[in-house]
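Structure first, then comments.
The values are calculated or read from the model by the stated rules, or taken from the named source; none is laboratory data. All of these numbers come straight from a predicted model, not from anything done at the bench. Every residue, glycine among them, receives a Cβ derived from its backbone with ideal geometry; neighbour counts consider all protein chains shown. Note: areas computed on protein heavy atoms with side chains; ligands, DNA, RNA excluded. Shrake-Rupley method; radii C 1.70, N 1.55, O 1.52, S 1.80 Å.
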Amino acid sequence: MRTGLLAAVVVLGFVLAIAGVHAPGEPGSLAWAGIALTAGLAAWLVKRLGDLPGQGWQALAAPLAFGATILALWEVLVVGFEVPMALMPAPSAIAARMASGAHLLWQDFVQTFLKAVLAGYAIGCGSGFLMALLADRVPFLRRGLLPIGNLVAALPVVGIAPIMVMWFGFDWPSKAAVVVAMTFFPMLVNTVAGLAAAGALERDLMRSYAAGHGQTLLLLRLPAALPFIFTALKVNAPLALIGAIVAEFFGSPTTGMGFRITTEAARLALDMVWAEIVVAAVVGSAFYGAMALIERRVTFWHPSVRG
Amino acid sequence: MRWTCLPRGSRFSKCRSAPRDSGRSPTVAEPAIAARNLSLVFRTNDGPVHALSDVNIDIAPGEFISLIGPSGCGKTTLLRVIADLEKPTGGEIRVNGVTPEAARLARDYGYVFQAPALFPWRTIEGNVMLPLQIMGLSKAERQERARQQLALVNLAGFERKFPWQLSGGMQQRASIARALAFEPKLLLMDEPFGALDEIVRDHLNEQLLKLWATTRKTVVFVTHSIPEAVFLSTRIVVMSPRPGRITDIVDCDLGPDRPLEIRETPEFLRIAQRVREGLRAGHSYEG
Amino acid sequence: MRWTCLPRGSRFSKCRSAPRDSGRSPTVAEPAIAARNLSLVFRTNDGPVHALSDVNIDIAPGEFISLIGPSGCGKTTLLRVIADLEKPTGGEIRVNGVTPEAARLARDYGYVFQAPALFPWRTIEGNVMLPLQIMGLSKAERQERARQQLALVNLAGFERKFPWQLSGGMQQRASIARALAFEPKLLLMDEPFGALDEIVRDHLNEQLLKLWATTRKTVVFVTHSIPEAVFLSTRIVVMSPRPGRITDIVDCDLGPDRPLEIRETPEFLRIAQRVREGLRAGHSYEG
Amino acid sequence: MRASILPVLTVSAGIVVLWYLGAVWLNWQVVWDMQARAGHAPDFATMVSLTLSHARPLLPAPHQVVVETWNSLTGPPITSPRSLVNHAMVTLSAALAGFGLGSLAGVLLAVAIIHVRALERSLMPWIIASQAVPVLALAPIVIVALGALGMTGLMPKAIISAYLCFFPVAIGMVKGLAAPDALSRDLLRTYSATPAQVFWTLRVPTSLPYLFAGLKVAVAAAVVGAIVAELPTGAQAGLGARLLAGSYFGQTLQIWSALTVAAVVSATLVGVVGLAERLLARRMGARA
Amino acid sequence: QERVNLQLKWVTQAQFAGYYVAQARGFYRAANLDVRIAPGGPDIAPPQVIAGNRADVIVEWMPAALASRERGVPLVNIAQPFKRSGMMLTCRAETGIRTPADLRGKTLGVWFSGNEYPFLAWMSRLGYPTNGTPQGVRVLRQGFNVDPLLQRQADCVSTMTYNEYWQVIDGGFRPEQLQVFRYEEQGVATLEDGLYVLENRLTDAAFVARMARFVRASMQGWDWARQNPDAAAQIVLDNDASGAQTIAHQRRMMGEIARLLDTEGGGRLVQADYDRTVQTLLSSGGDSPVISRAPTNAWTHAVVDAIR
Ligand SMILES: Nc1ncnc2c1ncn2[C@@H]1O[C@H](COP(=O)(O)OP(=O)(O)OP(=O)(O)O)[C@@H](O)[C@H]1O
Ligand SMILES: Nc1ncnc2c1ncn2[C@@H]1O[C@H](COP(=O)(O)OP(=O)(O)OP(=O)(O)O)[C@@H](O)[C@H]1O
Ligand SMILES: Cc1ncc(C[n+]2csc(CCO)c2C)c(N)n1
Ligand SMILES: [Mg+2]
Ligand SMILES: [Mg+2]
């Protein structure tokens, strides 16, 4: 109840502030004091919302309130101090641009995420995983392949992106290849660590059944490794997106989020740049969220999930 | 393999100690387990630990052997060596005429560990079905056998629970069901009934005895309960610690039919007393 | 707090059953533990589990209470509720006149879990010192106490080993040493001696009794061994499962001095028999 | 250690053979075109040798990379801008600073998240969102903004590098710090241990495998971050500058030698983290 | 000495030789200036740098400068050392491309990031859509180099007379195997490398005077560089911190750069060139035109006039 009242005050405060800065004339020091007070109240609100029990909408309330506060402050500060668009556009300008450039944003999303990121992520995580299994299966390879895997997989994007463009052309496959290179290593390292996580007694049990390597893997060691594997899947989700976007910097067709960001940035159309960034952030978070959700369902037994 | 013990009452004393260094059972053709001068030393950061030293024993097929001895004397280690979970550092061991490794690969062992070792991501039923799945049984048969075994250990109704939702004793019973479900030739049980109350324990003792009597599996059984050892075994191996070694092997010819009431008979008590003395002798707490 | 039981031989029967729903000890001013209509229901994926139902008991300071009952009847759960590790879903419980949480925050509890729960990255000594470290004792004192307690459970010489280098029983003893080292007001012990052989067990029983007699701690003790319960306790609480509830509370007025030989006395055997009957009555295996 | 030399050599040998085959195959077309334009029609052996010595190959032959790397490492004096050692040091220092900052930030963040539930809920989604923001696109803005705050030189690069590497540490650490089993947590609960005590005696030791997996990923990411951050600073020095200049002038060999050095730097750092992990594990009584 | 921070558009190379020469030969010092030259790179937008107050003056191409102006960074051209455009489209002759009409249906590498407008203007003049339809051309965003041409991923790529063209030659092509289209000759040239400052600072007479000295010393540097190309190339090389440049390439570049310069004019912007640039940009069309209306006050002669 008190929280509701607080929320209402904060919303009213920000509405007034935004209207104030958009109105002609310089905001006075009194106005700034009001804005500072509203921001303080907003922080308190976020804290209260974060302490709410429950799993449903309550879990979303805090981050949303936090985000809305940041956006409101951003709008007020950028408009209030008349920061040029070339340095930092206001959220309202970004929103307007997102609406007017929706078809371009969609086209770029298809090119970068649906094609390059998804393909690269699947192949990269898959191959890191398989490499870990292979190294685990053949001790000889473990000792030989892992150091070299480290070597190859720790290559910087900036270096491989131009080479991938040379090898795989300008379209999305070269971006996917970069994503593969970026996501491979986290998956390799985490899977190797995870495969070592099964308990000694449980291994002995499988041994006493003369379970084959594959059976032990499938029935014991992979389930025990899942928390690690999901850590990699989660880390890789935003990483893959960054990789694809950065790779487009080194040659691309004339669509794609990275293409748009760099060309528009050079023209100082920062509203469009931020529109793409918003899309990237939303897509990256959703991708991560999806992985986290699957993790909760699959590793329900792990203490970190059971609580 | 025939039952080698004499029928009840045919001899005056049914309890006889075998000479220490040849733990040979009277009429053994090919022993199920044969250990010769077995020893095992663990290397640790602060010096070696002599977990087994010069262990000699022959176990005939179909025997029910109990290992008894003070905590830390090497009972678990001996079981682990038999099951090929630990390599001896000296001596020799054969299981069914082959190495422990070959026996393990032939899936001869059913091992009940001292701790339950259930997989948290599997339901109780899933845990009991684990070895059956590994042996490649059909799903229907797996479920049928798991159901039976869970009923045997009185866990019917808990099939769909996860291990952390069970009490300690229930987890241990689930782990017993898991080892029984898969009907191994050789049953290795490490204090399987330690966490159970007297009544369940008696019940499971009877069940185990029945199972053993009908299937004639070879059983190696670790327990701390002298009455339990006497009630179940054909022979009782008494061990003593540091270095872990066999101090006595007590024959226990109570015959195959053992109602619970046998525990009040003088023969029973005499054997128990003998084991108790052996145990006390090898113990550092005496006096 | 004075010892409330009558001296030996002053009454005909030293064993008396308390009425079921008022488990009040005769002369209690402020009970160390008071439970009223305590109940606890676990919600699980396939329906609720009634782990505790309508539990009423008063435990006087300085009492030694044993909980006994079939596997899964809620002994561990009751202990966990007392220790504020589980919140009851109904009823009320006070510990030393305050809530379990307040008692926990006052560091009144020493809890020996059913499983050893040793930290694998700490040596045995490090594990025993853990609570002392948390209580903020000086390093020298920590080491001194750990040494003492490890000697008490006969683990001298294993200070620098890691838990996985110990046998099951040794791990359990380490966990007992850990709980004793920190000298809590209230000792909660969940089958502490389950994995120990008779002789160590007897030894530790005596030690525990000595400790209890000198310090007059309140002890709540879970065991599956009826003789152990009778030997140690001032009262024995018999529980039965599904829903977990108290079926009987058996007084056990054997007085403070209890040599091991007391276990052969008729009074002892009578109490044991009574507990056994209570246990059997609440059990689903009867017949 | 010695046991791994033979396998490494064997696998390396296999890779080198594949690499040579790949070089011939990938460069064939370009070399053939070039020869054709010059009016030559070389035979197979000549073609093979040409594909392995082409100056602007799609895939340079291993020996070309080795020679180029060796020359640029040992040829010019270490202080000269032509020396790869010089560039590697520039990148390494930024990467190490970034790794230090980033892993510290990651750990602190994880600690905060584990202890303050409100933080996890309000902050975590935004941190994840921030990770999906393409650094390279924002790097110029970041550099300009930090420059306005008076930060130049190593710091901006270290910050971008830290930004890339704190995430794997934070995610792994959040998992690891939450990984202690219920029984161990209950034990400390009965002692009424303070959150700090639970943290140091239980959560930290349990989280170490997760932490080290995260650190290994992070240290590699730190190198990538430092390299990426070198571009908007004018790409003057560092392996990133070399990569870019090589790319700009079509000096494939230069790219590959810079890549090789970058990979060796990363792998060495990953190796050092792995070594630290093993040493620590041994102290904590891990089984051999 | 007064400080001047100069932000270049690209990495250290002979394209900026005049500034490096002026510094190395002491022309700036003689003009009582302490000039700090910051090299650029593919993701440095000089207008952003100057808007963030990290530079006093920048080297920029006019399309990008005018675009910034429309987006709130009021850049003003104070001098234009480069008179001609060095940009061209270079095609492999074997593709059969001879005239602009042959470009239909071909794959072309184009620099974006503000450098695409002359190209777009040209295509819209030719009437070719650039969205990949068969009636038009397929456009690739070209990376930093000419590899797409060498590896036949593109039929034509963008090159500068002084730089990328020679990389194509080094890549094994003889000039007669190439077909080049200079933007100058296609009538869509835009002004390159000019000096720009923020408009509001020009109200400060002291700043104008400082810039005047700066421009004069820079033009002195260009003059010297044009007359001593080899020495200028060496000076550039000495300033290359990446260590990736070669002397041969820089000498050749210096030679070509010299042809684009206008040192006699002292850096004075010719209004006709400016008007042509604006015209070209306005005709480049598309959904997102670089400038939507003719800018005002985007250049001034105040600084070059102050030199005298
Ligand atoms: N992995 C190991 N490394 C080092 N020492 C070990 C290891 N495993 C067991 N030991 C030591 O070997 C000895 C025998 O251990 P074992 O587990 O066989 O005893 P146990 O007879 O089963 O005892 P309990 O009845 O307590 O389970 C003990 O002293 C123990 O410390
Ligand atoms: N976390 C849990 N979730 C669901 N059910 C649980 C949970 N913990 C215990 N139970 C159930 O509560 C009941 C009582 O368990 P508890 O552990 O108290 O038994 P116990 O008397 O200690 O048995 P034992 O002697 O076998 O240790 C059991 O039926 C068990 O399945
Ligand atoms: C990504 C990228 N964008 C633009 C250019 C074009 N460019 C910027 S400065 C300059 C002068 C030539 O050296 C040229 C052509 C490029 N090369 N790479
Ligand atoms: Mg054992
Ligand atoms: Mg229990």
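Antiparallel versus total DSSP beta bridges in chain E: what percent is that, nearest 5?
55
Quick check: convex hull over the Cα atoms of region C:107-225, volume per residue in Å³, rounded to an integer?
It comes to 96 Å³ per residue, whole-number rounded.
Suppose accessible area is computed on protein heavy atoms with a 1.4 Å probe; arrange E:Ser113, D:Ser49 from highest to lowest.
D:Ser49, E:Ser113
Taking the Cα centre of the protein assembly as shown as origin, work out the dipole magnitude from +1 charges on Lys and Arg Cβ and -1 charges on Asp and Glu Cβ, in debye rounded to 20.
Magnitude of the dipole: close to 2340 debye.
Skipping prolines and chain starts, which residues have an amide H placed within reach, meaning under 5 Å, of the one on B:Thr44, given they are 5 or more residues away or on another chain?
B:Val49
Quick one: buried accessible area between D and A, total over both chains, 1.4 angstrom probe, nearest 100 Å²?
Summing both chains' loss of accessible area gives about 5400 Å².
Averaged per residue, what accessible area in Å² does chain E show with a 1.4 Å probe, protein chains only?
Computed with neighbouring chains in place, this is 34 Å² per residue.
Using a label position 7 Å from Cα in the Cα→Cβ direction, what is the ascending list of nm distances from C:Ala213 to the same site in the other copies?
Shortest to longest, the spacings are 4.5 nm.
How long are the semi-axes of the equivalent ellipsoid of region B:32-142, taking √(5λ) for every eigenvalue λ of the Cα gyration tensor, in whole Å from largest down?
29, 19, 13
Put C:Lys217, E:Lys83 in order of accessible area, largest first, 1.4 Å probe: what do you get?
E:Lys83, C:Lys217
For helix C:168-181, report the angle its Cα long axis makes with the longest principal axis of the Cα atoms of chain C; keep it between 0 and 90° and round to the nearest 10°.
With rounding to tens, the tilt is 90 degrees.
Under a 1.4 angstrom probe, counting protein chains only, how are A:Leu41, B:Leu196 ranked by accessible area, largest first?
A:Leu41, B:Leu196
Of all the accessible heavy-atom surface of region A:100-306, with the other protein chains kept in place and a 1.4 Å probe, what percent is carbon and sulfur?
Answer for region A:100-306: carbon and sulfur cover 72 percent of the accessible area.
Among DSSP bridges having both ends in the protein assembly as shown, what percentage is antiparallel? Round to the nearest 5.
Restricted to the protein assembly as shown, the bridges split so that about 55 percent are antiparallel.
Once the convex hull of the alpha carbons of region E:1-53 is built, what does its volume come to per residue, in cubic angstrom?
67
Dividing the convex hull volume of the alpha carbon atoms of region A:2-83 by its residue count, what do you get in Å³ per residue?
So the per-residue Cα hull volume is 76 Å³.
Around C:Asp248, which amide H atoms from residues at least 5 apart in sequence, or from another chain, sit under 5 Å from its own amide H, with H modelled in the peptide plane?
Result for C:Asp248 returns C:Val238.
Using r as the Cβ-Cβ distance of E:Val270 and D:Thr74, and R0 as 45 Å, what FRET efficiency do you calculate, to the nearest 0.05?
Here the calculated transfer efficiency is 0.30.
If I take every Cα pair under 8 Å that is 6 or more residues apart in chain E, average their sequence separation and divide by the length, what percent do I get for the relative contact order?
30
Please tell me which of these pairs span more than 26 angstrom C-alpha to C-alpha: A:Lys115/E:Lys106; B:Lys161/B:Lys185; B:Lys75/C:Lys139?
Going by Cα-Cα distance, B:Lys161/B:Lys185; B:Lys75/C:Lys139 fall outside the 26 Å limit.
What helices does chain D hold that run 20 Å or longer along their axis, going by alpha-carbon atoms, with a Kyte-Doolittle average of -1.0 or more, using DSSP H for the helix calls?
Helices passing the filter in chain D: D:5-37, D:84-115, D:117-132, D:154-177, D:204-230, D:252-283.
Region B:92-108: which residues show an accessible-area loss of 40 Å² or more, assembly versus chain alone, 1.4 Å probe?
Those are B:Arg104, B:Arg107, which lose 40 Å² or more relative to the chain on its own.
Copy-to-copy spacing for C:Glu141, label 7 Å out on the Cα-to-C-beta vector, in nm, shortest first?
Distances to the matching label points in the other copies: 6.5 nm.
Between 0 and 90 degrees, rounded to the nearest ten: what's the tilt of helix E:229-238 against the longest Cα principal axis of chain E?
80
How would you classify chain A from its alpha-carbon gyration tensor, with a ≥ b ≥ c the square roots of the eigenvalues: rounded for a/c under 1.5, else prolate if a/b is greater than b/c, otherwise oblate?
Here chain A falls in the oblate category.
Expressed as a fraction of 2.2 N^0.38 Å, the rule-of-thumb size for a compact globular protein of N residues, what is the C-alpha radius of gyration of chain D?
1.26
Give me the percent of accessible area attributable to carbon and sulfur for chain B, probe 1.4 angstrom.
Roughly 52 percent of what the probe reaches on chain B is carbon or sulfur.
Just report the Cα centroid separation between region A:25-47 and region A:70-141, whole Å.
What the calculation gives is 31 Å, centre to centre.
Averaged over every viewing direction, what's the projected area of the C-alpha convex hull for region D:2-59? Give it in nm², one decimal, please.
So the mean shadow area of the Cα hull is 4.5 nm².
Let me know the Kirkwood hydrodynamic radius for the protein assembly as shown, please, with Cα pairs as the basis and the value in Å to one decimal.
37.4
Could you state how much accessible area is buried at the D-E interface, both sides summed, with a 1.4 Å probe, in Å² to the nearest 100?
Answer for the D-E pair: about 3000 Å² buried.
How big is Rg to Rh over chain E, alpha-carbon atoms, Rh as the Kirkwood inverse-mean-distance radius?
My calculation puts Rg/Rh at 0.97.
If you plug each phi of region C:204-214 into the Karplus form 6.51 cos²θ - 1.76 cosθ + 1.60 with θ = phi - 60°, what whole-Hz ³J(HN,Hα) values come out, in order, with x for Gly and Pro?
5, 4, 4, 4, 5, 4, 5, 4, 5, 5, 7
Rounded to the nearest whole Å², what accessible area per residue is found for region D:2-59 with the 1.4 Å probe?
Per residue, region D:2-59 has 57 Å² of solvent-accessible surface.
In whole Hz, what ³J(HN,Hα) sequence does region B:237-251 give by Karplus (6.51, -1.76, 1.60; θ = phi - 60°), x for Gly and Pro?
9, 9, 10, 9, x, 6, x, x, 8, 8, 9, 7, 10, 9, 6
Using the heavy atoms of the protein chains alone and a 1.4 angstrom probe, what is the accessible area of region D:169-234 per residue in square angstrom?
Accessible surface, normalised per residue, equals 22 Å².
Taking chain E as the reference, fit the longest principal axis to its C-alpha atoms, fit the long axis of helix E:117-126 to the helix C-alpha atoms, and give the angle between the two in degrees, 0 to 90, nearest 10.
So the inclination is approximately 40 degrees.
In nm, give the distance between the simple-model label positions of C:Ala281 and E:Arg3, each being 7 Å from the Cα along the Cα-to-Cβ direction.
9.4
Suppose we consider the axis relating copy C to copy B; can you name the residue of C with the nearest Cβ and state that distance in angstrom as an integer?
C:Gly194, 2
Return the aspartates and glutamates within reach of B:Lys87: Cα separation strictly under 14 angstrom, same-chain partners fewer than 8 residues apart disregarded; answer none if there are no such residues.
Correct list for B:Lys87: A:Asp204, B:Glu101.
With 5 Å bins from zero, work out the P(r) of region D:193-283 over every alpha carbon pair and list the percent per bin.
3, 13, 16, 16, 12, 10, 9, 7, 6, 4, 2, 1, 0
Could you run the numbers on buried accessible area between C and D, total for both chains, 1.4 angstrom probe, in Å² to the nearest 100?
Interface between C and D: roughly 2100 Å².
Just read off the accessible area of A:Ser208 with the full protein assembly in place, 1.4 Å probe, to the nearest 10 Å².
It works out to around 0 Å².
Quick one: with label points 7 Å out along Cα→Cβ, list the inter-copy distances for C:Ala106 in nm, shortest first?
6.5
Between D:Arg283 and A:Trp32, what is the label-to-label distance in nm when each label sits 7 Å out along the Cα-to-Cβ direction?
Inter-label distance under the simple model: 5.1 nm.
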